[in-house]
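Colleague: Take a look at the following structure, please.
The values are calculated or read from the model by the stated rules, or taken from the named source; none is laboratory data. Model, not experiment: these values are computed from the prediction. Positions of Cβ are backbone-derived with ideal geometry, glycine not excepted, and every protein chain shown enters the neighbour counts. Accessible surface areas use protein heavy atoms only, side chains included; no ligands, DNA or RNA. Shrake-Rupley method; radii C 1.70, N 1.55, O 1.52, S 1.80 Å.
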Protein chains: 4
Amino acid sequence: MSHTSSDKKLLARVRRLKGQLEAVERALESEAPCGEILNLVASVRGAVNGLTVELIEDHIREHVSNPETDSDKARGQGAGDLIQVIRTYLK
Amino acid sequence: MSHTSSDKKLLARVRRLKGQLEAVERALESEAPCGEILNLVASVRGAVNGLTVELIEDHIREHVSNPETDSDKARGQGAGDLIQVIRTYLK
Amino acid sequence: MSHTSSDKKLLARVRRLKGQLEAVERALESEAPCGEILNLVASVRGAVNGLTVELIEDHIREHVSNPETDSDKARGQGAGDLIQVIRTYLK
Amino acid sequence: MSHTSSDKKLLARVRRLKGQLEAVERALESEAPCGEILNLVASVRGAVNGLTVELIEDHIREHVSNPETDSDKARGQGAGDLIQVIRTYLK
C-alpha cells in the first residue's frame with residue numbers, strides 16, 4: 001500500500017483498535033459483567049468496520065480511480081458512487 | 001462475567017486477536033500491498049465475530065438458560081435453538 | 001411460532017419487505033442507475049436485519065425468558081441484557 | 001444500470017428472493033416453529049448479500065474498470081483486487 005500519507009491515518013486507527021482490545025482484555029481479567037464486555041467488543045467491531053472501509057476507499061483512490069483527479073469524468077463519477085456504496089454497506 | 005472456566009478461553013481469543021492486529025500494523029509499516037492488508041483485516045473481522053458469538057453464548061448459558069442443565073426442558077430447548085441462531089447470524 | 005399477537009407484526013414487516021423488493025425489480029426493469037438500485041437494496045438489507053432482530057427477540061420472550069414477566073429476576077435481567085446485545089449486533 | 005445482459009441475471013435473483021420471502025410469509029401464517037422461520041430468514045439474508053455483491057461488481061465493471069478489458073493493466077488489476085475484497089467482505 002505505497003501511499004504514505006494515508007498509512008499514518010491507518011496506523012493510528014490500528015493502534016486505537018489495539019487499545020480497545022486491551023480494554024476487553026482487562027475487563028475479562030477483572031471479570032466485568034457480560035453486558036460491559038459485549039459493549040466493548042461491539043465498539044471493536046465498529047472500529048474494524050471503519051478500518052475496513054478506509055482501506056477499501058484508499059485502494060479505490062490509489063489503484064483504480066480517484067474521483068477528484070481522474071481525467072475520465074464518467075469513471076471518476078463511478079468511483080465516487082462506489083465509495084458511497086462501500087460506506088453504506090460496511091459501516 | 002463470573003465464569004472463570006470460559007474466561008481463559010476468551011482471554012486466549014483476545015490475545016490471538018491482538019497478534020492478528022499487530023500483523024496488520026507491521027504490514028502497514030512495511031507498506032505491503034493493499035490486497036494483503038485487506039486480507040489480514042478480513043481475518044481480524046472474522047476473529048471479532050467469533051469472539052462475539054462465544055461471549056453471547058456464554059452469557060446465555062451463565063445468565064439465562066443452559067440447554068444442557070436447565071431443569072425446564074422447554075426453556076433449555078429454546079436456549080439451545082437460540083445459540084444455533086446466534087451462530088448462524090453472527091459467524 | 002405460536003404467538004399470534006407478534007405474528008401479525010412480523011407478517012406486516014414481511015409484506016413491507018416484499019414491497020421493497022418489488023421496487024428493486026421495477027428499478028432493474030426500467031434500467032435505473034446503479035446507485036439508485038444499490039440504495040434500494042441497502043434498505044432491503046436493513047429491513048431484513050430488522051425482521052431478524054424482531055424474530056430473535058420474540059423467540060427469547062416466548063421460549064426462553066420474558067424480562068418483564070419471568071419470576072426469576074436474575075434470569076429475566078439476563079434475557080433483557082441479551083435482547084439489548086442482539087439489537088446492537090444485528091441492527 | 002444500462003447493462004442489459006447482467007440485468008436478466010439480477011432480475012432472476014430478485015424473483016428468487018421474492019419466492020424465499022413468500023416462504024417466510026407462509027411459515028408465519030401457518031405458525032411454524034421459530035427455528036424454522038429464523039432459518040428461512042437467514043437464507044433471505046444470504047440471498048440479499050449475494051444480490052448486493054453482484055450489483056457492486058456490475059457497477060465496478062460497467063462504470064469504473066473492467067479487469068478483463070481495461071487497457072490500463074494496473075487499473076484493471078486494482079479493479080480485480082477490489083472485486084475479490086468485496087466478495088470477501090459482503091458474502
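Colleague: Quick one: which of A:K8/B:K18; A:K9/A:K73; A:K9/B:K8; B:K18/D:K73 span more than 25 angstrom between C-alpha atoms?
Modeller: A:K9/A:K73; A:K9/B:K8; B:K18/D:K73
Colleague: Further question: Starting from the exponent 0.38 and prefactor 2.2 Å, build the expected Rg for chain A from its residue count and divide its actual Cα Rg by it.
Modeller: Scaled against compact globular proteins, the figure is 1.41.
Colleague: I would also like to ask the following. Using +1 at the C-beta of Lys and Arg and -1 at the C-beta of Asp and Glu, which of B:H63, B:S6, B:L90 has the Cα lying farthest in the positive direction of the dipole of the stretch B:4-90?
Modeller: B:S6
Colleague: Relative to the first principal axis of the alpha-carbon coordinates of chain B, what is the inclination of helix B:4-29, with its axis defined by its Cα atoms, in degrees from 0 to 90 and to the nearest 10?
Modeller: 20
Colleague: Counting heavy atoms of the protein chains only and a 1.4 Å probe, report the per residue accessible area for the stretch C:4-90 as a whole number of Å².
Modeller: Accessible surface, normalised per residue, equals 43 Å².
Colleague: Which length gain, in nm to one decimal place, applies between A:E68 and A:S43 when the Cα-Cα distance is subtracted from 0.36 nm times their residue separation?
Modeller: Once the chain is fully extended between A:E68 and A:S43, it gains 5.8 nm.
Colleague: Next question. Looking at the stretch D:36-76, which GluC sites (Glu not before Pro) are in a loop (DSSP not H, G, I, E or B) and have at most 12 other Cβ atoms within 10 Å?
Modeller: D:E68
Colleague: At what distance in angstrom do the alpha carbon centres of the stretch C:1-66 and the stretch D:1-57 lie from each other?
Modeller: That distance is 11 Å.
Colleague: Report, for B:N39, each distance to the same residue's label point in the other copies, shortest first and in nm; define the point 7 Å along Cα→Cβ.
Modeller: Spacings between copies for this position, smallest first, are 3.5, 3.7, 3.9 nm.
Colleague: Ok, one more. Accessible area, 1.4 Å probe, largest first: how do B:K18, A:K9 sort?
Modeller: A:K9, B:K18
Colleague: Another question, then. Can you give the average number of partner chain beta-carbon atoms within 10 Å of each beta-carbon in peptide A:36-46, as a whole number?
Modeller: Mean partner-chain Cβ count within 10 Å for A:36-46: 6.
Colleague: Assume the label is 7 Å from Cα along Cα to beta carbon: what separations in nm does D:Q84 have to the matching positions in the other copies?
Modeller: 2.9, 3.7, 4.3
Colleague: How many Å² of accessible surface get buried when A and C come together, counting both sides, probe radius 1.4 Å, rounded to the nearest 100?
Modeller: Chains A and C together bury approximately 800 Å².
Colleague: At a 1.4 Å probe radius, carbon and sulfur cover how many percent of the accessible area of the protein assembly as shown?
Modeller: 50
Colleague: Ordered shortest first, which distances in nm separate the 7 Å Cα→C-beta label point of D:D7 from those of the other copies?
Modeller: 4.1, 4.6, 6.1
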